[in-house]
Amino acid sequence: QTARHAWDDLVGIDGIGAVVAQSLTTSLAQPDERASIDRLIDFLEVEAAEAPNDDGSPIAGKTLVFTGNLEIMTRAEAKARAEAMGAKVSGSVSAKTDLVIAGPGAGSKAAKAEALGVETVDEAGWLALIGEA
């Protein structure tokens, strides 16, 4: 994976923008900081992640982006629901995005989705898609 792809993956994480990503990469590149993290790892007990239940899920394997204000559920709830159904949730729209869920106030992400021809639905459409309408 190229450095550019790694950067795009990092800033594609919901809640991680360019400023936070730059801060993380700068900090983790410092030997003392890295050594501290390595020492902390000795105290961690990593548990296996629970596999999503994506049997028959209409969004399994798809990449989704939530933008704008959701009115029925919080963005965190929507993200958790999507991931539990086997979808990947991204923070940015790209050609790899399969579906954008746009609430009121959706701006540049909705415009980018339209420009890329990415399917866009509102929150009611999202709930109907996952069988919760």
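Could you work out how much longer the chain between residue 73 and residue 95 gets when fully extended? Use 0.36 nm per residue separation minus the Cα distance between them, nm to one decimal.
5.3 nm
If you fit an axis through the alpha-carbon atoms of helix 18-28 and take the longest principal axis of the Cα set of the chain, what angle between them do you get, 0 to 90°, nearest 10?
30
Once you have the Cα-Cα distance between residue 55 and residue 26, take 0.36 nm times their residue separation minus that, and quote the gain in nm to one decimal.
6.4 nm
Could you work out how far apart the two model spin labels at residue 84 and residue 42 are, taking each label as a point 7 Å from the Cα in the direction of the beta carbon, and quote it in nm?
3.9
At 7 Å along Cα-to-Cβ for each site, give me the label-to-label distance between residue 2 and residue 115 in nm.
Going from the residue 2 label point to the residue 115 one covers 2.0 nm.
In whole percent, how big is the carbon plus sulfur part of the accessible area of the range 1-42, probe 1.4 Å, protein atoms only?
Carbon and sulfur atoms account for 59 percent of the accessible area of the range 1-42.
Over the chain, with the other protein chains present, what is the accessible area per residue in square angstrom, probe 1.4 angstrom?
I get 65 Å² per residue for this part.
Residue 122 to residue 108: extension gain in nm, 0.36 nm per residue of separation minus the Cα-Cα distance?
Length difference between fully extended and current span is 3.5 nm.
What's the whole-number percent of alpha carbon pairs in the chain lying beyond 25 angstrom?
More than 25 Å apart: 37 percent of the Cα pairs in the chain.
Using per-residue counts of other Cβ atoms within 10 Å, averaged over each peptide, order 81-93, 42-54, 100-112 from highest down.
The most tightly packed comes first, giving 81-93, 100-112, 42-54.
The values are calculated or read from the model by the stated rules, or taken from the named source; none is laboratory data. Note that the structure is predicted; figures quoted are calculated from it, not measured. Counting neighbours? That spans all protein chains shown, and the Cβs are built from the backbone with ideal geometry, glycine included. Side chains included, ligands, DNA and RNA excluded: accessible areas come from the protein's heavy atoms. Shrake-Rupley method; radii C 1.70, N 1.55, O 1.52, S 1.80 Å.
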